[in-house]
Every structure is written in C-alpha cells, then in structure tokens.
1. For segment 67-75, does any single residue satisfy the condition of being open to solvent by 50 Å² or more (accessible area, probe 1.4 Å), farther than 20 Å from I214 by Cα, in a strand (DSSP E or B) and not acidic (D, E)?
2. Name every residue in segment 41-80 that is over 27 Å from E150 (Cβ atoms), at pLDDT 95 or above and of a type in the set (K, R), in order of residue number.
3. Taking the conditions exactly as written (among the hydroxyl-bearing types (S, T, Y), surrounded by 15 or more Cβ atoms within 10 Å (Cβ to Cβ) and more than 16 Å from the chain's Cα centre (by Cα)), does T187 satisfy them or not?
4. Return yes or no: is E144 within 18 Å of G110 (Cβ to Cβ), out of contact with any strand residue (DSSP E or B) (no Cβ under 7 Å at 6 or more places or on another chain) and in contact (Cβ under 8 Å) with a residue 60 or more places away in the chain?
5. Scanning segment 95-135 for residues that are among the acidic types (D, E) and open to solvent by 20 Å² or more (accessible area, probe 1.4 Å), which turns out nearest to the chain's Cα centre (by Cα)?
6. Identify, please: which residue in segment 141-180 is of a type in the set (K, R) and assigned to a helix (DSSP H, G or I) and is, among those, farthest from I94 (Cα to Cα)?
7. Give segment 75-96 a look and list any residue that's among the aliphatic types (A, V, I, L, M) and free of Cβ contacts under 8 Å to residues at least 24 places away in the same chain, or say none.
8. Tell me, yes or no, whether segment 150-166 has at least one residue that is surrounded by fewer than 17 Cβ atoms within 10 Å (Cβ to Cβ), of a type in the set (A, V, I, L, M) and within 18 Å of the chain's Cα centre (by Cα).
Amino acid sequence: MQRNNQIQFTSSKIEDLMFRTTFNPKTMEGDVIVNLSLIDKRDFEDVLKIFSLAINSGLAVSPMLKVLHEGDSVGERVIGKDEVGFATVCSITIDGILLKAGVMIKPRFGGLVEIRDGVPLRFTNVLTYQSTTIDPLEVLMSQELTSVMEMLRTGTGKILANLREAPMVARDIIDSTLSDMVDAGITGILEVGEPNTRILDVPVERDHLGIVVIGGTNPMAIVQEHGIPIRTNAMSTLMDINELKHINDL
C-alpha cells in the first residue's frame, strides 16, 4: 500500500515512457506516447478547427491524432458522457525514438519560448522535470502564460517547448534520426544547437548539444486562449501509431 503512495517525479515517468516507445519512423510501426485532452462535445467542431490550424502551422509534434468519444478508453481513462477526447503525439516520443537509435537523451525542462518576428529568441519561463510531479507544460499552460495564437497572427508571442541534451559525439546519428522522423511526419524540432554552445539563451553541459522540441500541448494552449475549457493530461500513455489518423483526414 505504501509503495503505491510514493511520489513519482516527471523525470522518472519520462524515462519509463522513453524506454517503452517502440515507434520506428522508417517502418511507420510501433507505439508512440500520447497526450490526452478532454473537452465538452459541444465544443468539438471549434476545437477541431483550432487543432487543424495549430498542427498545419507546425505547432505540434505530429499531424497524427485520435478522436475519442463517450465510452472509448485510452490507457486507464474512459471518455465520459458529453465528453470528447483527443489523443495527440507527445514530444517525449522524439526522445524515445532517439534512445532506440542509441542516443542517450537527457530531457532537462519544459518552458516558454519567446518568438519575435518568427524567430525563436530565448526561453523565458522554465520548470525542470526533476522538480515537479506534473508535466511542466501543463503547469505553464494552466498559468495562462502562453500567446500561441498571437504568435500565429503576428509572428511574435510565446509558445510551449522542451529542452533536452545529447552527447555531441552522437551528432551524426541525431541528424540522421531526425531526418527519418521528418519523413515520417514528426516535425516538432524547433532548433538543434551546436556542441558546447548556448541554445535559446540556455547553456548546455560540456561536450553536449541542445535540442529544442515544440511542446505537444501548443494546440491545447490555443484552445484555452480562445476561452474554451480543455483538460489535458500530458504523457498520458502509449498508443499504436496505426490507431491515429492525419488531422486532414478527420
């Protein structure tokens, strides 16, 4: 009984999900990590339009998602009466794919990235995975600190993103694997830094490089910015990629 009450920090949950990710971008088979978002079914059409806008603008990890209706289940969660769920690809999937390619990825934190005139400048607010039991992007989104829609309209605003570090000796494998991911439709990479160089104003460990990944919860942030209630459980569970459909096919 006592064991079940132990606190699990987000960093530990990430490691577990990374090792369980089996998606292969070359074969387009395997399990990806998904976020689960719940809305009132009356808001479905509006939310679907917002998701489509965000995803087709590149503000998501992947264009693949699954719509869940009353009685459907994802992980241990069953969609309730008058609810609609969206299972979308989580950015930690990228870490899992890199890990399977032999790259020791170290997720550092989630945060807000300031964009000015379409150019990413710097992280402004961050939460480390070791310091919280809740996904950092969930926390930041709940504080209503994002301006994702404003960024889409004007090119200037704040979006959700994550930073991870990787050994610089793995640069060739990283570049090759990221290229495979792009071919597979996983295009959530915002920036890849140079070895031993700051990335978006954040220093990296010696002999490492930084990789900034767009947060998979940016579409949910836009929904919230429109005043539509949405509940998001980031890093919810794993799902077979073949269960998901392209946003433009919905």
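The values are calculated or read from the model by the stated rules, or taken from the named source; none is laboratory data. All values derive from a computational prediction rather than experimental measurement. Cβ placement follows ideal geometry from the backbone for every residue including glycine, while neighbour counts extend to all protein chains displayed. In case anyone asks, the SASA skips ligands and DNA or RNA and just uses the protein heavy atoms, side chains included. Shrake-Rupley method; radii C 1.70, N 1.55, O 1.52, S 1.80 Å.
1. Scanning segment 67-75, I find at least one residue that is open to solvent by 50 Å² or more (accessible area, probe 1.4 Å), farther than 20 Å from I214 by Cα, in a strand (DSSP E or B) and not acidic (D, E), so the answer is yes.
2. Correct list: K41, K66.
3. no
4. Against the criterion (within 18 Å of G110 (Cβ to Cβ), out of contact with any strand residue (DSSP E or B) (no Cβ under 7 Å at 6 or more places or on another chain) and in contact (Cβ under 8 Å) with a residue 60 or more places away in the chain), E144 qualifies.
5. Going through the qualifying residues, I end up with E114.
6. Filtering segment 141-180 for residues that are of a type in the set (K, R) and assigned to a helix (DSSP H, G or I), the one farthest from I94 (Cα to Cα) comes out as R153.
7. Of everything in segment 75-96, just one residue is among the aliphatic types (A, V, I, L, M) and free of Cβ contacts under 8 Å to residues at least 24 places away in the same chain, namely V78.
8. First, the residues of segment 150-166 that are surrounded by fewer than 17 Cβ atoms within 10 Å (Cβ to Cβ): 150, 153-156.
When the remaining residues are screened for being of a type in the set (A, V, I, L, M), the result is none.
Checked against the condition, which is being surrounded by fewer than 17 Cβ atoms within 10 Å (Cβ to Cβ), of a type in the set (A, V, I, L, M) and within 18 Å of the chain's Cα centre (by Cα), segment 150-166 yields no hits at all.
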